[in-house]
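A short worksheet on the structure shown next.
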Amino acid sequence: MSQPQQSTIRNRLLKVLAPDEFERLAPHLEPMPLAIRRVLIAPNEPITHAMFVEGGVCSLIADTSEGRVEIGMIGYEGFIGVPLLLGTNRSPHMALVQADGVALRIAAPELVEALQVSSALRSVLGRYVQSLIVQVGQTVYANADANLEGRLARWILMTDDRLQGGELPLTHDFLSAMLSVRRPGVTTAVHILEGAGMIQAKRGRITVLDREKLMELAGDTYGPAETEYERLFEES
């Protein structure tokens, strides 16, 4: 299997690495399909691989007494396996694919070894963790303060950012689980957004029609995390 070339990489973390740093990782990176609903990291189980997302969308999910709720979202801007960077090999949270794609995975021991010898790699991944912390904080804020329509608008915007246009594979059942609300509530919220001309929903697919209106509805629950990510990587 030929190793990936940095010039063709889409993942933003791998792209900003200096060429010699990327070459250190490249022999250990292997393509991995991301099939919808695939569990990438199981709660409280050893993390065997980290994954740099090239395409698709993954969710970080917490299991609560009232069901599952999404606490974070990862696409081509990030990587899955943050606990490995922080010195542990497991997490109470699940990583689950919510939109098909592909990732480049690296075995946990190889990533840990690379982190031990490369301060540049630690810096890049550490900056990503900072942006993810801000995103999780914004999710907490949205769940506590925004109405369902606003939360749905934020979620659609974040998914659209990572898929960069086109149809979003978002069923009402899945949205219900991710937003931790009953399915009828999601159905009503989708109809409201569709009626306002923000989206088109059809057969488990959502097409964004008006991002500006979605952003207005989401308010300041959307934007701070995205701005923080760009700030952290603007000099890369």
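Can you send over the carbon and sulfur percentage of the accessible area for segment 79-236, probe radius 1.4 Å, protein chains only? Don't skip to the answer; put the middle values down first.
Values: 3710 of 7310 Å².
For segment 79-236, the apolar C and S fraction of the accessible surface comes to 51 percent.
Expressed as a rounded percentage, what relative contact order does the chain have, with Cα pairs under 8 Å and six or more residues apart?
Values: 416 pairs, mean separation 49.0, N = 236.
For the chain, the relative contact order is 21 percent.
Filter the chain for me: DSSP H helices, axial length by Cα at least 20 angstrom, mean Kyte-Doolittle hydropathy not below 0.0. List them by residue number. Going by DSSP H runs, the hits are 119-145.
What does the net charge come to around E45 if you take all other residues with beta carbon closer than 15 Å to its beta carbon, with K and R at +1 and D and E at -1? Spell out each step's value before the answer.
Details: positive: R38, R90; negative: D63.
Its environment carries a net charge of +1.
Each 5 Å bin, from zero up to the one with the longest distance, holds this percent of the alpha carbon pairs of segment 15-102: 3, 14, 23, 24, 20, 11, 4, 1, 1, 0. The distance linking segment 132-199 with segment 56-89 is 17 Å (Cα centroid to Cα centroid, whole angstrom). Cα-based radius of gyration for the chain, normalised by 2.2 N^0.38 Å, reads 1.01.
Could you work out [θ]222 nm for the chain from helices alone, using -39500 (n - 2.57) per DSSP H run of at least four and dividing by all its residues? Round to the nearest 500 deg cm²/dmol.
On the way: 10 runs with 108 residues, N = 236.
Result for the chain: -14000 deg cm²/dmol, rounded to the nearest 500.
Taking R0 as 25 Å, what FRET efficiency do you get between H28 and R90 from their Cβ-Cβ distance, rounded to the nearest 0.05?
Working: r = 21 Å, r/R0 = 0.83.
Efficiency, rounded to the nearest 0.05: 0.75.
Comparing N89, L17, S176 along the charge dipole axis of the chain, the residue lying farthest to the positive side is S176, per the Cβ-charge model. Once the 1.4 Å probe is applied to the protein heavy atoms, segment 18-90 comes out at 43 Å² accessible per residue.
Note on the chain: dipole from Cβ charges, positive end direction compared against V190, L104, G75; the farthest Cα belongs to V190.
Based on alpha-carbon positions alone, could you give the equivalent ellipsoid semi-axes of segment 112-236 from the gyration tensor, as √(5λ), descending, whole Å?
31, 15, 15
Be a star and scan segment 85-109 for residues whose amide nitrogen sits under 17 Å from the point 7 Å along the Cα-to-Cβ vector of D63. Hits in segment 85-109 for D63 at 17 Å: 90-97. When +1 charges are put on Lys and Arg Cβ atoms and -1 charges on Asp and Glu Cβ atoms, the dipole computed for segment 1-104 relative to its Cα centre reaches about 60 debye.
The largest accessible area among T221, T8 belongs to the first residue in T8, T221, and the rest follow in falling order (1.4 Å probe, all chains).
The values are calculated or read from the model by the stated rules, or taken from the named source; none is laboratory data. Not measured: the values here are computed from a predicted model. As a convention, Cβ positions derive from the backbone with ideal geometry for all residues, glycine included, and neighbour counts pool all protein chains shown. The area values use the complete protein model at the heavy-atom level, side chains included, leaving out ligands, DNA and RNA. Shrake-Rupley method; radii C 1.70, N 1.55, O 1.52, S 1.80 Å.
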